[in-house]
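Asks: Encoded as structure tokens, here's the structure I'll be asking about.
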Amino acid sequence: MAADTYASLNSDLGLAAYLNMAFIELLHETKDLKEVAQYFPFTGGAGSATMKLRQIQPVDAFTAPGEDTAPSITNLTTANKSLTVAKANLYRSVTDLAFITGEMEAQQLVSSFAKSLVYYRSSLIAALGAGFTANTAVGSTGVALTVDTVYAAMFALRKALVVGDLDFVSHQTAITQFQASLRGETATPFQIAPATQSALSTADTGNVLFSWMGINFRSHASVPKIGGTDYSGFMVGKGAIAFTEAPVSGFIRQYAFNPQTLAGEEAIICQDLSTEAKGSRSWICHYYPGVAELEDARGVQVLSAI
Amino acid sequence: MDLTAKSFSPERVRTSKEARDYLPVEWLNNVHELMHKPLDWEAKDGRWLPILSPIFFLRGLNNYDDNGQVDPEAVRRIYRAKGCACIVPDDDRLGEYKHYIATVPATNPAYGSIGKYYLTIFESPEMVAGRVIWRRDQKAFDAFRAHLVDAGIVVMNSTIAELVIAAKRESLSTMEQVPMNTTSKQRTIEKLSADIAAMEALTAGLTKPKAASVKRAFRVERDTNPHTPD
């Protein structure tokens, strides 16, 4: 007789495939845009879902009256912006049998909530790019993003007195268009500049893809597509966008629901026991973010072809 | 309920979610409208046409959920305060373009989510080999934009034209200082030059703003004693 083999024994004594317990993540958007926006802590229990942010223009012209003349009064220039939080959530339900058979693990759900929260928060920030008005939008409809367009955006912000590091946010397509344009800059000093080399070679490792000429380049899959022809990206300085998250930890302590409820600073994740009769476990993640434009002139819309 | 005579188009009952055609998109967007920023204009086919931008309505964004309920006006107020014209879809002045926002059933394949994708009635995405080809009826969209000007929803006058042309000239002047080492740059210069020429050709017929409009006219007075403070 021939020896017993894997193939001959497999149907009775083995499995066609055994389960590797690792959960391998499929491709998904991993970037977090929260650093693009300025965070303002939200005070719970203060009587409103809307937080008012106070703005003041600190610089006014000195008057130069005569030596023996009383000066006229210069009034302060003030403004305000509102930041309203609203509920967003993600609800998942898995049957007991799916857990018993090892097809699902609770920590996978929690990890999924955290990543989805980051995506949602980033999509709110990305949606603001089309609304900057004070600086005329740069880039042309149906035209790929170029080095010249990035300079035009930077010049617009610098002319508006925006100082410090800038953040550029658009779809990944726009980032690769920009890299293609950088590659085409054949003037030798430009091509060998360390910033250019870094921009062309840096592998995507975090929320900032690369920095070039003081601009942090970021991408997000939720950057809106407008008119079916363009991505509506934007470039901003610090203070263009405000965001807040209603803190839920204090609320949970005060009104402790059930032991299955978890609260981070930003979100509540709770197990909903109402589905016990069905033999399933449900989790819901509640999140209360607020995102708004803080100062229009600190941002500029950047159009690029899809 | 409005009981005026109407006809209805029946939609087939689907047996499962898979039986329906869903547009694969990267992001299931929320409802949006269009707005016009005061200086976003282009000259096309012998007319000034407004370049339109979207306003998104998402809970938690720009006070959309003000006072605990969705309030589009809370968002529109932000843009109107910046001089933008909000093109409200149910504005009767839109005529045949009233309710210009539409939806298609959509899915985000990466996340397995199913919902609606909001777009304008001028867009008609097509799916080929798993890819979405975005098509827009540009002729109809341009007619819509021209209608916005004719209906007075967006305003163009000689002062706005001056500012738009000045911005184009500045862009051209900046580009002219850049070494012309790519075809893309050459094309940009050609396009900017053509845009400026087309815009200048359209300035003649524009109305001057009235004195009582938003723009204020300042009277120049001789300063008979410039060294005396006011």
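The values are calculated or read from the model by the stated rules, or taken from the named source; none is laboratory data. What you see is a predicted model, and the numbers here were worked out from it, not measured in a lab. Here the Cβ is made from the backbone with ideal geometry for all residues, glycine too, and neighbour counts use every protein chain on show.
Asks: Name the pairs: first residue in region A:282-306 and among the basic types (Lys, Arg), second residue outside any strand (DSSP E or B), Cβ to Cβ under 6 Å, at least 6 apart or on different chains?
Replies: A:ARG298/A:VAL162; A:ARG298/A:GLY239; A:ARG298/A:ALA240
Asks: For region A:39-122, which strands (runs of 3 or more DSSP E) that fit wholly inside it have 1 or more residues that are away from chain B (no Cβ under 12 Å), within 30 Å of A:ILE284 (Cα to Cα) and touching a Ser or Thr at 6+ places or on another chain (Cβ under 9 Å)?
Replies: The strands (runs of 3 or more DSSP E) meeting that bar are A:88-95.
Asks: Could you tell me which numbered condition A:PHE155 fails, if it satisfies all but one of (1) in contact with a Cys (Cβ under 7 Å, 6 or more places away or on another chain); (2) surrounded by fewer than 22 Cβ atoms within 10 Å (Cβ to Cβ); (3) modelled with pLDDT of 90 or more?
Replies: (1)
Asks: Within the set of pairs 6+ apart or on separate chains, which have a first residue in region A:236-249 that is at pLDDT 90 or above, a second that is in a strand (DSSP E or B) and of a type in the set (S, T, N, Q), and C-beta atoms under 6 Å apart?
Replies: Hits for this filter: A:GLY239/A:GLN38; A:ALA242/A:GLN38.
Asks: From the list B:ALA102, B:ALA146, pick out the single residue that is at negative phi, surrounded by fewer than 19 Cβ atoms within 10 Å (Cβ to Cβ), modelled with pLDDT of 95 or more and in contact with a strand residue (DSSP E or B) (Cβ under 9 Å, 6 or more places away or on another chain).
Replies: B:ALA146
Asks: Can you pull out the residues in region A:58-113 that are within 25 Å of A:PHE40 (Cα to Cα) and without any contact (Cβ under 8 Å) to a residue 24 or more places away in the chain?
Replies: Within region A:58-113, A:PRO58, A:VAL59, A:LEU76, A:THR77 meet the criteria.
Asks: Look at region B:149-178 and say how many of its residues are buried (at least 16 other Cβ atoms within 10 Å of the Cβ) and among the hydroxyl-bearing types (Ser, Thr, Tyr).
Replies: Residues meeting the conditions: 1.
Asks: Looking only at region B:109-123, filter to residues that are modelled with pLDDT of 85 or more and either at the interface with chain A (Cβ under 10 Å from one of its Cβ atoms) or over 16 Å from the mean Cα position of the chain (by Cα) (or both); which one of those is surrounded by the fewest Cβ atoms within 10 Å (Cβ to Cβ)?
Replies: The residue in question is B:GLU123.
Asks: Condition check: in contact with a strand residue (DSSP E or B) (Cβ under 7 Å, 6 or more places away or on another chain) and either within 15 Å of A:ALA127 (Cα to Cα) or modelled with pLDDT of 90 or more (or both). Does B:TYR79 satisfy that?
Replies: The answer is yes for B:TYR79.
Asks: Please count how many residues of region A:283-292 are surrounded by fewer than 24 Cβ atoms within 10 Å (Cβ to Cβ) and within 7 Å of another protein chain (Cβ to nearest Cβ).
Replies: 0
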